[in-house]
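Visitor: The following block contains the structure, expressed as structure tokens.
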Amino acid sequence: MGKTFTKEERLCSKRLIDDLFHNSFSFVLYPYRIVFQPKPSEDHVSPAQSILSVSKRRFKRAVDRNAVKRRMREAFRLQKEELYLFLQEHSLNLLVAFQYVGKEQLPYVYMYERMGLTITKLKDEITNSYLGKPD
């Protein structure tokens with residue numbers, strides 16, 4: 001599995017985004033808020049479709065928002081394989097939103113570490129809430 005972040009992995013459909021934010025589970029692991037919705041697997045779709053967002057209220061300048069999103073995307077891209085293997089093992093697809101809730105730009109190294117913890121917690125939450133069996 002390549003370490004890319006392709007168009008198929010991005011969540012673009014307004015209908016799916018609405019569904020994600022209205023019928024989903026969520027948790028916060030600073031500096032991220034994760035909103036996710038597991039679904040039964042469909043063969044033609046990527047194991048996970050994600051959206052990354054940074055609040056305009058916290059970062060007024062687009063340059064700052066884009067820098068944070070770039071760091072989030074890179075941290076996710078490098079660590080997503082663990083999540084994808086888990087989803088394929090359980091025959092699931094996942095819609096997920098990563099929202100940045102920090103008040104300032106954090107160093108990339110910290111964001112990378114927290115993204116790893118977030119992916120681990122996301123797997124646990126899917127197991128507990130959707131699969132109904134704790135590890």
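The values are calculated or read from the model by the stated rules, or taken from the named source; none is laboratory data. As the structure is a prediction and not an experimental result, all values here were calculated from the model. Counting neighbours? That spans all protein chains shown, and the Cβs are built from the backbone with ideal geometry, glycine included. Surface areas here come from the heavy atoms of the whole protein model, side chains and all, with no ligands, DNA or RNA. Shrake-Rupley method; radii C 1.70, N 1.55, O 1.52, S 1.80 Å.
Visitor: In nm, give the distance between the simple-model label positions of residue 18 and residue 109, each being 7 Å from the Cα along the Cα-to-Cβ direction.
Guide: Going from the residue 18 label point to the residue 109 one covers 4.5 nm.
Visitor: State the extension gain, in nm to one decimal, for the chain segment bounded by residue 3 and residue 129, taking 0.36 nm per residue of separation less the distance between their alpha-carbons.
Guide: 42.6 nm
Visitor: Let me ask something additional. Assuming R0 = 25 Å, can you tell me the calculated FRET efficiency for the pair residue 25 and residue 82, based on Cβ-Cβ distance, to the nearest 0.05?
Guide: It comes to 0.85.
Visitor: Another question about this same structure. Whole-Hz Karplus ³J(HN,Hα) for segment 53-58, in order, using 6.51 cos²θ - 1.76 cosθ + 1.60 and θ = phi - 60°, x for Gly and Pro?
Guide: 9, 10, 5, 5, 5, 8
Visitor: Another question, then. Rounded to the nearest whole Å², what accessible area per residue is found for the chain with the 1.4 Å probe? Write out the running numbers ahead of the final one.
Guide: Values: 7630 Å² over 135 residues.
That works out to 56 Å² per residue.
Visitor: Need one word for segment 56-110: rounded, prolate or oblate. Basis is the Cα gyration tensor (sqrt eigenvalues a ≥ b ≥ c); a/c below 1.5 gives rounded, then a/b vs b/c decides.
Guide: Working: a/c = 3.33, a/b = 2.24, b/c = 1.49.
Since a/c reaches 1.5 and a/b is larger than b/c, the shape of segment 56-110 is classed as prolate.
Visitor: How large is Rg over Rh for the chain, taking Rg from the Cα atoms and Rh as the Kirkwood inverse mean of 1/r across Cα pairs?
Guide: My calculation of the ratio gives 0.95.
Visitor: Diagonalise the Cα gyration tensor of segment 23-94 and give the resulting equivalent ellipsoid semi-axes, square root of 5 times each eigenvalue, largest first, whole Å.
Guide: The answer is 26, 14, 11 Å, longest axis first.
Visitor: Near residue 123, which lysines are there with a Cα under 17 Å away, not counting those fewer than 8 places off in the same chain?
Guide: Once the sequence-local lysines are set aside, what remains near residue 123 is 39, 80, 133.
Visitor: Now for a separate question. Once every DSSP H run of n ≥ 4 in the chain is given -39500 (n - 2.57) and the sum is divided by its residues, what mean residue ellipticity at 222 nm do you get, rounded to the nearest 500 deg cm²/dmol?
Guide: So the helix-based figure for the chain works out to -14000 deg cm²/dmol.
Visitor: Give me the distance in nm between label points sitting 7 Å out from Cα along the Cα-to-Cβ direction at residue 101 and residue 64, one decimal.
Guide: 2.0
Visitor: Give me the percent of DSSP beta bridges within segment 1-129 that run antiparallel, rounded to the nearest 5.
Guide: Close to 65 percent.
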